[in-house]
Amino acid sequence: MGFDLKFVDFSMNRCKRFNGLGLHSLVLSKACEEMISVKAKNWSESAHRFLKLCADSGNAEACYTLGMIRFYCLQNRGSGASLMAKAAISSYEPAIYSLAVIQFNGSGGSKNDKNLRAGVSLCARAAFLGHINALRELGHCLQDGYGVRQNIAKGRRFLIQANAKELAAVLATETPSAQNAGSWLTWNPLLHHRYVSVAGWTFLSDFGYNVPVPETHPANRFLSDWFSDCEGSPGPGLRLCSHSGCGRPETRRHEFRRCSVCGAANYCSRACQALDWKLRHKAECATVERWLDDGGEIEANGIDINVDVNGNVEAMES
């Protein structure tokens with residue numbers, strides 16, 4: 001059976017037009033999270049070029065994702081920070097918050113490059129836009145007087161807002177039948193002050209609700225996979241944030257704060273500390289004496305005591 005050459009020629013031309021349309025800057029600028037998401041094991045020059053095309057087209061999601069990859073994975077600090085700043089200008093909340101974390105830690109530079117006021121300012125901007133981790137971060141900064149004048153009452157209000165938005169996000173994603181059938185949307189005073197994990201749903205709210213673990217952003221998931229499965233350690237003496245949903249590595253030794261109770265957990269931010277404390281670390285944390293017996297060393301740093309709204313205390317080295 002022969003081929004209709006006119007039909008084949010028409011089909012090929014139409015495919016070329018569709019391919020060209022798919023790479024049009026207007027289409028790339030509107031590409032959704034699923035389209036831009038890439039797994040660390042599939043990273044290649046082609047993936048890099050595609051993300052750059054999307055970023056050059058003004059896609060904030062692509063700017064942030066590629067910025068995180070360049071800054072933390074490829075160690076191209078200037079280009080990565082510029083891409084995140086481009087996304088932040090478009091009011092992309094995760095980018096603004098990530099820039100705040102960079103300012104708090106002085107990431108990519110020395111300890112003297114920390115800018116706590118800039119970090120608080122960026123956190124406030126992201127919090128105003130409704131970013132849950134930024135609300136938590138700002139709440140803890142106000143409670144601790146970290147980079148801003150201490151105001152415990154105002155800090156508590158920000159933590160309450162973070163929990164309200166966390167619960168609202170869960171309600172928005174659950175179906176009505178799941179909401180009615182699930183037992184997680186109940187307050188239990190007996191569970192109010194201890195770690196709980198029920199059928200994979202972890203007790204994360206500060207006020208006694210069982211809610212599902214927040215979905216990890218693709219950029220953070222890429223970082224976690226890159227350093228755990230693909231590339232291993234971020235470098236000699238460098239540590240990863242202990243919160244499983246973060247993936248950020250240190251860019252210099254002792255950049256992250258360390259739990260001074262056990263010395264085993266490290267956090268890039270107070271928000272990651274608060275989430276991991278409820279998710280995992282509260283059940284695993286051991287006293288510092290056991291850590292010292294294992295040959296650990298304590299630096300002569302200040303100690304940062306964080307108290308959550310339930311009165312739970314975890315000490316962190318600053």
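Check off (1) over 27 Å from residue 158 (Cα atoms); (2) assigned to a loop (DSSP other than H, G, I, E, B) for residue 229 and give me the number that stays unchecked.
If we test residue 229 against (1) over 27 Å from residue 158 (Cα atoms); (2) assigned to a loop (DSSP other than H, G, I, E, B), just (2) comes out false.
Search segment 76-108 for residues being among the β-branched types (Val, Ile, Thr) and touching a helix residue (DSSP H, G or I) at 6+ places or on another chain (Cβ under 8 Å), and hand back the single one that is farthest from residue 48 (Cα to Cα).
Of the residues in segment 76-108, the ones among the β-branched types (Val, Ile, Thr) are 89, 96, 101-102.
Then drop every residue that is not touching a helix residue (DSSP H, G or I) at 6+ places or on another chain (Cβ under 8 Å), which leaves 96, 101-102.
On the way: 96: 22, 101: 24, 102: 23 Å.
Out of the qualifying residues, it is 101.
What's the number of the condition residue 149 fails, among (1) under 16 Å from the mean Cα position of the chain (by Cα); (2) open to solvent by 40 Å² or more (accessible area, probe 1.4 Å)?
(1)
Provide a single number: the residues in segment 228-285 that are basic (Lys, Arg) and closer than 16 Å to residue 98 by Cα.
To start, the set of residues in segment 228-285 that are basic (Lys, Arg) comprises 239, 248, 252-253, 257-258, 270, 278, 280, 282.
Filter again for closer than 16 Å to residue 98 by Cα, leaving 248, 270.
Selection size over segment 228-285: 2.
Suppose we filter 237, 247 for residues that are crowded, with 17+ Cβ neighbours inside 10 Å and part of a loop (DSSP other than H, G, I, E, B); which single one remains?
Just a single option satisfies the conditions, and that option is 247.
Go over the candidates 117, 157, 49, 149 one by one and state the one that is without any contact (Cβ under 8 Å) to a residue 12 or more places away in the chain, in a helix (DSSP H, G or I) and of a type outside the set (Gly, Ala, Ser). Break it down stepwise before answering.
Details: 117 fails: without any contact (Cβ under 8 Å) to a residue 12 or more places away in the chain; 157 fails: without any contact (Cβ under 8 Å) to a residue 12 or more places away in the chain; 149 fails: in a helix (DSSP H, G or I).
The unique qualifying residue is 49.
Can you tell me which residue among 171, 116, 129 is under 30 Å from residue 48 (Cα atoms), at pLDDT 75 or above, open to solvent by 50 Å² or more (accessible area, probe 1.4 Å) and in contact with a helix residue (DSSP H, G or I) (Cβ under 8 Å, 6 or more places away or on another chain)? Break it down into steps so the answer makes sense when it comes.
Working: 171 fails: under 30 Å from residue 48 (Cα atoms); 116 fails: under 30 Å from residue 48 (Cα atoms).
When all the criteria are applied, what remains is 129.
Scan segment 57-78 for residues that are more than 17 Å from the chain's Cα centre (by Cα), within 19 Å of residue 96 (Cα to Cα) and either touching a residue at least 60 places away in the same chain (Cβ under 8 Å) or surrounded by 14 or more Cβ atoms within 10 Å (Cβ to Cβ) (or both) and jot them down.
Scanning segment 57-78 gives 58, 59, 76, 77.
Quick one: count up the residues across segment 37-56 that are small (Gly, Ala, Ser), over 15 Å from residue 221 (Cβ atoms) and open to solvent by 10 Å² or more (accessible area, probe 1.4 Å).
First pass over segment 37-56, keeping only residues small (Gly, Ala, Ser): 37, 40, 44, 46-47, 55.
The next check asks that each one be over 15 Å from residue 221 (Cβ atoms); those that pass are 44, 46, 55.
Now narrow it down to the ones that are open to solvent by 10 Å² or more (accessible area, probe 1.4 Å): 44, 46.
The number of residues fulfilling the criteria is 2.
Name the single residue that is most open to solvent (accessible area, probe 1.4 Å) among those in segment 250-263 being part of a loop (DSSP other than H, G, I, E, B) and in contact with a strand residue (DSSP E or B) (Cβ under 8 Å, 6 or more places away or on another chain). Working first, answer last.
Here is the first cut: in segment 250-263, the residues part of a loop (DSSP other than H, G, I, E, B) are 250-256, 260-263.
Then drop every residue that is not in contact with a strand residue (DSSP E or B) (Cβ under 8 Å, 6 or more places away or on another chain), which leaves 250, 256, 260-261.
Numbers: 250: 5, 256: 11, 260: 26, 261: 51 Å².
Going through the qualifying residues, I end up with 261.
Could you list, in sequence order, the residues of segment 86-100 that are small (Gly, Ala, Ser) and open to solvent by 40 Å² or more (accessible area, probe 1.4 Å)?
Quick first cut of segment 86-100, residues small (Gly, Ala, Ser) only: 87-88, 90-91, 95, 98, 100.
Within segment 86-100, 90, 91 qualify.
Is there a residue in segment 102-113 that is under 16 Å from residue 132 (Cα atoms), under 17 Å from the mean Cα position of the chain (by Cα), open to solvent by less than 20 Å² (accessible area, probe 1.4 Å) and small (Gly, Ala, Ser)? Let's see the steps before the verdict.
In the first step, residues of segment 102-113 are kept if they are under 16 Å from residue 132 (Cα atoms); the result is none.
No: zero hits.
The values are calculated or read from the model by the stated rules, or taken from the named source; none is laboratory data. Remember, predicted model here, so these are calculated numbers, not experimental data. Neighbour counts run over all protein chains shown; Cβ positions are idealised from the backbone, glycine included. Heavy atoms of the whole protein, side chains included, go into the accessibility calculation; ligands, DNA and RNA do not. Shrake-Rupley method; radii C 1.70, N 1.55, O 1.52, S 1.80 Å.
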